[in-house]
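Chemist: Mind looking over this structure? Questions follow.
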Amino acid sequence: MADELPKMTKLERGTTEMSLTYANGDQHTVSYDDLRHACPCAKCAPMRNNDDTNRTLRRQIESLPAEKPQVRTVGNYALGFEWKQGCSSGIFRFERIYDLAMKRDPDGGRQYVHGAW
């Protein structure tokens, strides 16, 4: 049975990671490198489909300077992150962010197929 998604009550941006607090009292951190690597946009997501491009994506992300992104809400279901460098196209549903916080694969092992998410 999947975990019920608790409401995120607080997001604090640090230099290299964000701290998340949920209504159930759970607190988690997600590194910006992991967040960027999990970008669900049509450019980044397909790169996670095979080992070679996945490693390339990770190296590209890790070569970017550390920075705090700007955060914006997208409706009542997601957040967007704006970076000075790198991809800012992804819309991160709250479920995706929670999966990252719980150290789970936010893609659920599925390969990216345009329009499938």
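The values are calculated or read from the model by the stated rules, or taken from the named source; none is laboratory data. These numbers were taken from a predicted model, which means no experiment stands behind them. Heads up, the Cβs are rebuilt from the backbone with ideal geometry, glycines too, and the neighbour counts pull from every protein chain shown.
Chemist: If I filter the stretch 1-32 down to residues being of a type in the set (Val, Ile, Thr) and part of a strand (DSSP E or B), which single residue comes out as nearest to the chain's Cα centre (by Cα)?
Modeler: VAL30
Chemist: Here's something else I'd like to know. Got a sec? Which of GLU82, GLU17, GLU67, GLU4 is in contact (Cβ under 8 Å) with a residue 12 or more places away in the chain and loosely packed, with under 14 Cβ neighbours inside 10 Å?
Modeler: None of the others qualify; the one that does is GLU82.
Chemist: With respect to ALA45, determine if the residue is surrounded by fewer than 17 Cβ atoms within 10 Å (Cβ to Cβ) and of a type in the set (A, V, I, L, M).
Modeler: no
Chemist: For the stretch 33-51, check the following and say yes or no: at least one residue is touching a residue at least 12 places away in the same chain (Cβ under 8 Å), assigned to a strand (DSSP E or B) and either closer than 20 Å to TYR77 by Cα or touching a helix residue (DSSP H, G or I) at 6+ places or on another chain (Cβ under 6 Å) (or both).
Modeler: No, the stretch 33-51 contains no residue that is touching a residue at least 12 places away in the same chain (Cβ under 8 Å), assigned to a strand (DSSP E or B) and either closer than 20 Å to TYR77 by Cα or touching a helix residue (DSSP H, G or I) at 6+ places or on another chain (Cβ under 6 Å) (or both).
Chemist: So is ARG104 within 21 Å of LEU11 (Cβ to Cβ) and touching a strand residue (DSSP E or B) at 6+ places or on another chain (Cβ under 7 Å) or not?
Modeler: Taking the combined requirement at face value, the residue does not satisfy it.
Chemist: Go through ASP51, ASP99 for me and flag whichever is over 16 Å from the mean Cα position of the chain (by Cα) and either modelled with pLDDT of 95 or more or surrounded by fewer than 12 Cβ atoms within 10 Å (Cβ to Cβ) (or both).
Modeler: ASP51
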